Structures are given as C-alpha cells and as structure tokens.
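Below is one structure; the comments refer to it alone.
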Amino acid sequence: MKTIGLIGGTGWVSTAAYYSLLNEKVNQRLGGMQFARCIIYSVNFGELMELKGDAEAMTAYLRKTAEQLVGAGAECLMLGANTLHMFADQLASTLPVPLIHIARATAAAIRQKGMQKVGLLGTRQTMEKHFYKSILKKEGIEVLIPGEEEREMIDQAILGEFFKEVFSDATRKKFLDVIENLKIRGAEGIVLGCTEIPLLLKQEHCDLPLFNTTELHVEAAVDFALGS
C-alpha cells in the first residue's frame, strides 16, 4: 500500500471527512484491520486567505506544503478542496509524485453514468473560472452553473457557515431550490464541487444524482494507493 499525502484544512471540516473516507474505503477493500496509510498537513486557512489574489504566492505556499508531505513519505498527493485545483497543474509539474486530481475523478464518474449535462455547485472561483469546468468539457460534459445571486448565496454559505461546521435546514432548502433551477435548465446530475457541500446535501435530499467530489477523490486516491 502506498502512502497518501493530503493537503487539508481548506477547510478543516471536510478534511475530517477525507480522513474518515480514506480509512473506510481502504478497509472496505482489504478487510480485517487494514486501514489507510496517510499523512495530512492541515494548513491554517486564514494564511491562505491572506494570499488570495496572489497566484504566485499561493502556488509557492502549496508547493512548500507538498514538499513537506513528500519529505515525510507521501507517495501521491491530494489537494483537499475543489477550488485549490486551480493551482493543480502548476503544482503537479514540479512534484516527484502524482497529484490525484479531483475534477478528473469527477469527470470519470459522470462519464460512467452516461451523462452529458450537469450542474456545478461550489465556491465562486470553482463555478466561474475555467480550471474545473474545462476538464469536464474536454470529456464532452456540458456544465451549467447557477445564476449570479445563487452563486453569491452558495459562496457565502461555504465560507460563512460550512467552514465553521454550520449546516442548517434553511441553507439546505436554498441549495435544493438552486438544484431545481438547474434541473429545469436540463441538468442530468449535480456536481457537489466543494468538499463541504456533501456534508449538507445527501442523495436522499435530492431526486437528481449527486456527485460527491470528496468521495470520488478519495476513491481515486485509494485506487492509486492499492494499485487498482
């Protein structure tokens, strides 16, 4: 089994979910008392926020963190947030180990379902920039994003509530209203493109298929670690 390195803390709530899922998925495959070999570097999210808008400084920060994980024995790396993947290509090009990309894992799952049009929920950057959507589009998947006011609501909920472990019925209702609008526009499924959103929305809440990017990311990392 290879050792998985995870850059977490973006935010810490979903990092806890990553740790649980990594161990659960390994144990499901190997049984007994077998669990994941993993190293987690949980960053101070406040430090990252101070670098917001400075892509060069952010990339350098993540590279230094990645190097520490590799130095500690990580044989592959994960960025524990969809939004951080805007720096994935620059980071991967300098790493001596593979970087497991969350959007590529998500695209593979959508293809497996035979879907051609999905809605994308996440931070403003994930919804509005091209780094994430372009990977899905290369696989022939059309991506729909919510309207301006809906994007603002989602972004504020992620930063103001989810990162502080606040998950309310009222916010869930707002998200489900957004999903209904995406469904009307033709979405066949919904990408939960922020690793905190699966802690708010479960499949039982929604009649459209939900793509839990945290779980899909973990599955891809476990595939690598176990040589699947």
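Scan region 110-131 for residues that are touching a residue at least 60 places away in the same chain (Cβ under 8 Å) and among the small types (Gly, Ala, Ser) and report the count. Step through it out loud before you land on a result.
Filtering region 110-131 for residues touching a residue at least 60 places away in the same chain (Cβ under 8 Å) gives 110, 113, 115-123, 126-127.
Those still in the list that are among the small types (Gly, Ala, Ser) too: 119, 122.
Residues in region 110-131 being touching a residue at least 60 places away in the same chain (Cβ under 8 Å) and among the small types (Gly, Ala, Ser): 2 in total.
Among the residues of region 155-171, which ones are among the β-branched types (Val, Ile, Thr) and either in contact (Cβ under 8 Å) with a residue 40 or more places away in the chain or more than 17 Å from residue 213 (Cβ to Cβ) (or both)? Lay out the reasoning, then the answer.
Taking region 155-171 as the starting set, the residues that turn out to be among the β-branched types (Val, Ile, Thr) are 158, 166, 171.
Passing the criteria: 166, 171.
Quick check on region 97-105. Is at least one of its residues at pLDDT 95 or above and touching a Pro at 6+ places or on another chain (Cβ under 8 Å)? Spell out the reasoning first.
Step one: filter region 97-105 for residues at pLDDT 95 or above, giving 97-105.
Pick out the ones that are also touching a Pro at 6+ places or on another chain (Cβ under 8 Å) and you get none.
Looking for residues that are at pLDDT 95 or above and touching a Pro at 6+ places or on another chain (Cβ under 8 Å), one finds none in region 97-105, hence no.
Look at residue 134 and say whether it is in the same structural domain as residue 37 (by TED's automatic domain parsing), among the hydroxyl-bearing types (Ser, Thr, Tyr) and either without any contact (Cβ under 8 Å) to a residue 24 or more places away in the chain or surrounded by 14 or more Cβ atoms within 10 Å (Cβ to Cβ) (or both). Lay out the reasoning, then the answer.
Values: in the same structural domain as residue 37 (by TED's automatic domain parsing): no; among the hydroxyl-bearing types (Ser, Thr, Tyr): yes; either without any contact (Cβ under 8 Å) to a residue 24 or more places away in the chain or surrounded by 14 or more Cβ atoms within 10 Å (Cβ to Cβ) (or both): yes.
No: the conditions fail for residue 134.
For (1) surrounded by 17 or more Cβ atoms within 10 Å (Cβ to Cβ); (2) of a type in the set (Val, Ile, Thr), each residue gets a yes or a no:
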| site | (1), (2) |
| --- | --- |
| 116 | no, no |
| 121 | yes, no |
| 127 | yes, no |
| 141 | yes, yes |
| 146 | yes, no |
| 152 | no, no |
| 164 | no, no |
| 170 | no, no |
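The values are calculated or read from the model by the stated rules, or taken from the named source; none is laboratory data. Computed from a prediction, not measured in an experiment: that's the story for all the values here. Cβ: placed from backbone, ideal geometry, glycine included. Neighbour counts: every protein chain shown.
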